[in-house]
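Please read the structure below before turning to the comments.
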Amino acid sequence: MAKKAEKSQSTGERIREMRKKLNLDITQLAEKTGLTADYLQEIEADAVVPPVGTLITISRALAVDSAALLAEEKKEERRRSYRKRTKSYSYKNLTPGAEDKHLWAYLVTLDPGKAHEMVEYKHPGEEFVYVLEGKVEIQVGEAVHQLKKGATLHFNSSIPHNLKNLSNKKSQLIVVVYTP
């Protein structure tokens, strides 16, 4: 009899499992991360897929490498989940194999005229953004930066920040994230 392939765990399932192994309830994890319990429940239920910064925050609270939260999930499944969450945003890891390092790079794609909905990033470290195509707006705290093709921005990523595509075409960015 043929053996059925096991379904890989989603990011939310993996977070829930790791939280329970540490005997943490959702409120305790919320306190450790600074995220709301409701948002964490949505993540664990796979109603939303957290952005990179949120995964870093959760992984630190769980004392695991952020790559452990994504390890079994296929890249295309992750991309679809992200698009399902925002209908406008996806990213591709450009530094595979660097999961245990402090520096990661991503190719970020934003659909035309769209903002990164529902989420404001905030995580320890720094970010560097290079615009490959399109025109984007990045708000870091109160400062608003409009960047076009070839422009760069470096900032403290512990300051709340978000992203919006100002173009009527897709925008692509290289985003490099450093975490201490």
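Brief remarks on what is shown
- If the condition is being surrounded by 15 or more Cβ atoms within 10 Å (Cβ to Cβ) and at pLDDT 95 or above, then region 152-165 contributes L153, F155.
- In region 50-67, the residues that are out of contact with any Phe, Trp or Tyr (no Cβ under 6 Å at 6 or more places or on another chain) and assigned to a helix (DSSP H, G or I): V52, T54, L55, I56, T57, I58, S59, R60, A61, S66, A67
- Candidate set from region 26-49 (those that are among the aliphatic types (A, V, I, L, M) and assigned to a helix (DSSP H, G or I)); member that is modelled with the lowest pLDDT: I43
- Those residues of region 128-180 which are in contact with an Asp or Glu (Cβ under 8 Å, 6 or more places away or on another chain) and of a type in the set (D, E, K, R), in sequence order: K149, K164, K169, K170
- Checked against (1) surrounded by fewer than 14 Cβ atoms within 10 Å (Cβ to Cβ); (2) hydroxyl-bearing (S, T, Y); (3) at pLDDT below 75, S88 passes all but condition (1).
- Meeting the requirement of 2 or more residues that are of a type in the set (S, T, Y), the strands (runs of 3 or more DSSP E) wholly within region 124-180 are 171-178.
The values are calculated or read from the model by the stated rules, or taken from the named source; none is laboratory data. Worth saying up front: this structure is predicted, and the values here are computed from it rather than measured. For neighbour counting, all protein chains shown are included, and Cβ atoms are generated from backbone atoms with ideal geometry for every residue, glycine included.
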